[in-house]
Protein chains: 2
Amino acid sequence: MTMLPIAVDAMGGDHAPDAIVAGAKAAAAAGTPVVLVGPSNLGELTDIGDLPLIEANEVIEMDEDGGRSVRRKKDATLVRAAEAVRDGKASAMVSAGNTGATMASALLRMGRVKGVNRPAIATIIPFPGGRPTVLLDAGANAEVQADWLVQFAQMGAVFSHHRFGVDSPKVGLLSIGEEPGKGDSLRKETFGLLEAAAGDDLNFIGNVEGRDVMSDTADVIVTDGFTGNVVLKTLEGGMKAVVAALLGAFTSKPEYKEHADALMPALLPLYETLDPEAYGGAMLLGVDGVCIISHGSSSERAIVNAIQVAREMVEADVVGEISAAIRPADA
Amino acid sequence: MTMLPIAVDAMGGDHAPDAIVAGAKAAAAAGTPVVLVGPSNLGELTDIGDLPLIEANEVIEMDEDGGRSVRRKKDATLVRAAEAVRDGKASAMVSAGNTGATMASALLRMGRVKGVNRPAIATIIPFPGGRPTVLLDAGANAEVQADWLVQFAQMGAVFSHHRFGVDSPKVGLLSIGEEPGKGDSLRKETFGLLEAAAGDDLNFIGNVEGRDVMSDTADVIVTDGFTGNVVLKTLEGGMKAVVAALLGAFTSKPEYKEHADALMPALLPLYETLDPEAYGGAMLLGVDGVCIISHGSSSERAIVNAIQVAREMVEADVVGEISAAIRPADA
């Protein structure tokens, strides 16, 4: 069976279309079928080589309201990308554009997986020296209900298994204390539901705390989209501050240069581990199609990785696996 | 006027009583009056020198339930420490013990500042190369109301002013987008209240995001105790992971050692900046007395710093300033 192409939103992200199209071309050259989604004159804006194009003549800007813009701009690139998946013209969509609009497009055009209450953004938290942790929801739902969090746990476990090859991923509920009674009323209720849902398909390890996010305590950490988004961005900001401070320290005196240079072979792998671009973006779990949300600042390399992840998630049939994982809970 | 001594809970924290008492002795030797709170045989457990002792013959362990343990163990060290402040025998209390029990003791024995709905834990987030940020609430209230958050903003601004000498501290509301409409219903409601309360005494700069926590965007960041605690511990865990990875990289080959050694003078100040022990712990704002909550893992040095902060907060009359800041809003 030939794989359908991955639909890449050529106009999404801070470095669109150049970096996006360059990433799409590199992925195609490496053997993954890709179709660009962009305006009819995209070939005049940047060199698209011989990549095919799905025409979409509106662009949703990074600061537009997600839901509203998708309803108004029906010919927007990320709307057409989601339609391509729905219509069987593409196997997945990748966008580094407006996250809210990407979610809304995927939800409105692809629809939800049967039985899923709400889709959630699964993002990757690196852990130097160990396996990354899947954190969800990273921002799709600012307010959630306990039973949605149970589904996030189920979907996150499927994602962790196929994304990182983890058998029986350890799933933790993010709270402010390890004991079952710790946290707000939402966590207390969720804890009970997760205990009841735990079994062969869900390896619930109990509450985890903020200090466990960047660690190997859990493979999947479940939380509401408000907390998840704050955690993700707090870590991104923290790592950026530390890297900047390290570089500042290394260049604070001329005599440090040779020593810093000598250590670079040891430091680069660490820097690489912490770089969000290495993970190919987040995945919107629970919609009826593969939707990869890449960072707004995505470079060519980030897009190459995002397309690779999209391909792997299609080949692993993660959407079908999520459907299978959710159904019994609702039966 | 002679300053009343600072009451130090000798039995609180992972390294009690040795590290705690050593810190108390060092602070006293440096000129800050200190009184220990501990069992009658404390002098047999560790060398207390000539420090005075307030007797308290029960200990609340780190894993006990805060509220319950305080109601049951009326002769616990941190309960007696709070009573010493209430009864005018001490000017402040410092504990590295059970955080929940410390809060409960302070609240039940000292009482709230008139007009304050709920006390909040103000913690310090370091920023390499710049001024630390005050984050509150870091865990006193897992669930909050919008008007409590407004008081947290007012109390946090007073604390930032006296703790770091900031004139007109920039106060941000932690959310998941900068625009006023972003976030959950609690943030939307709070945003409106903070806009209305902003003025000469409250420099509200709007929503801030997770990436702004470890930065100089805001001097004070306001959030609920669930999110604040998760953010604090996420950063602590993240910094620990990065420092461990750096040390691992520097020792991964023998030839790196001389270069790492040569860079140590540049790296130590950064390490120092990121070390929570350097900041002397968190302060419980809104109770009618100075209560400093030091990290459970506090070393002697952390206790010295905590006692120093307690002294500064007493001398600046932060409790009186909070009372003045809260009153007009309720009038």
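Throughout, read-outs are computed from the coordinates displayed, never taken from laboratory work. Nothing here was measured: the structure is a model prediction, and the numbers come from that model. Neighbour counts run over all protein chains shown; Cβ positions are idealised from the backbone, glycine included.
Of the GluC sites (Glu not before Pro) in region B:25-87, the ones in a loop by DSSP (not H, G, I, E or B) with at most 15 other beta carbons within 10 Å are B:61. Once the label point is set 7 Å along the Cα-to-beta-carbon vector, what list of distances in nm do you get between residue B:130 and its counterparts in the other copies? For residue B:130, the other copies' label points sit at 3.1 nm, shortest first.
Put +1 on the Cβ of each Lys and Arg and -1 on the Cβ of each Asp and Glu in region B:122-278; which of B:256, B:206, B:274 then has its Cα farthest toward the positive end of the dipole? With unit charges placed on the Cβ atoms, the residue in question is B:256. Amide H contacts under 5 Å for residue B:116: none, restricted to partners 5 or more places along the chain or on a different chain, H placed in the peptide plane at 1.01 Å from N.
For chain B, the Cβ-based charge dipole about the Cα centre amounts to some 420 debye (Lys, Arg positive; Asp, Glu negative; other atoms uncharged).
Sorting check: for B:15-26, B:196-207, which peptide has the highest mean count of neighbouring beta carbons within 10 Å, and how do the rest follow?
Values: B:15-26: 22.7, B:196-207: 16.2.
Final packing ranking: B:15-26, B:196-207.
Structure note, pairs B:89/B:170; A:89/A:233; A:233/B:188; B:114/B:182; A:188/B:114: Cα-Cα distances above 27 angstrom occur for B:89/B:170; A:89/A:233; B:114/B:182; A:188/B:114.
Rounded, prolate or oblate: which fits region A:16-147, taking a ≥ b ≥ c as square roots of the Cα gyration tensor eigenvalues, rounded meaning a/c under 1.5, else prolate when a/b beats b/c? Oblate.
Taking a point 7 Å from the Cα of residue A:74 along the Cα-to-Cβ direction, the residues of region A:83-100 with backbone N closer than 19 Å to it are A:83-88.
Over every Cα atom in region A:1-56, the radius of gyration and the widest Cα-Cα span, Dmax, amount to 10.5, 35 Å. Eigenvalues of the alpha-carbon gyration tensor of chain A, scaled by 5 and square-rooted, set the equivalent ellipsoid semi-axes at 31, 28, 17 angstrom, largest first.
The charge dipole of region B:122-278, taken about its Cα centre with unit charges on the Cβ of Lys, Arg, Asp and Glu (plus for the first two, minus for the last two), comes to roughly 360 debye. Packing order of peptides B:240-246, B:5-11, highest average first: B:5-11, B:240-246 (average count of other Cβ atoms within 10 Å over each peptide's residues). Site pair residue B:62 and residue B:4 shows an inter-label distance of 3.0 nm when each label is modelled 7 Å from Cα along Cα→Cβ.
Using a Cα-Cα cut-off of under 29 Å, which lysines could be cross-linked to residue B:257, ignoring same-chain neighbours fewer than 8 residues away? Excluding near neighbours in sequence, the set is A:240, A:253, A:257, B:240. With Cα atoms as the point set, region B:173-221 shows a radius of gyration and Dmax of 10.5, 28 Å.
Overall, the protein assembly as shown carries a charge dipole of about 760 debye about its Cα centre when +1 sits on the Cβ of Lys and Arg and -1 on the Cβ of Asp and Glu, all other atoms neutral.
Distances between copies of residue A:189, taken at a point 7 Å out from Cα along the Cα→Cβ vector and listed shortest first: 1.6 nm. Residue of chain B with the Cβ closest to the rotation axis carrying B onto A, and that distance rounded to whole Å: B:259, 2. GNM remark for chain A: springs join alpha carbons under 10 Å apart, and the peak mean-square fluctuation among A:158, A:222, A:314 falls on A:314. Using the alpha-carbon positions of the protein assembly as shown, Rg (one decimal) and Dmax (whole number) come out as 26.6, 87 Å. Mind telling me which of A:224, A:317, A:137 comes out most flexible in a GNM of chain A, alpha-carbon contacts under 10 Å? In this elastic network of chain A, the residue with the biggest mean-square fluctuation among A:224, A:317, A:137 is A:317.
Along the axis of the charge dipole computed for chain A (Cβ charges of +1 for Lys and Arg, -1 for Asp and Glu, origin at the Cα centre), the listed residues A:40, A:192, A:241 are led at the positive end by A:40. What Kirkwood radius, in Å to one decimal, follows from the Cα pairs of region A:122-277? Over region A:122-277, the inverse of the mean reciprocal pair distance is 16.7 Å. For chain A, modelled as a Gaussian network with Cα springs under 10 Å, which listed residue fluctuates most, A:238, A:115, A:320? Sorting by GNM fluctuation, first place goes to A:238. Remark: label point of residue A:53 defined 7 Å out from Cα along the Cα-Cβ vector; separations to the same position in other copies 8.5 nm, ascending.
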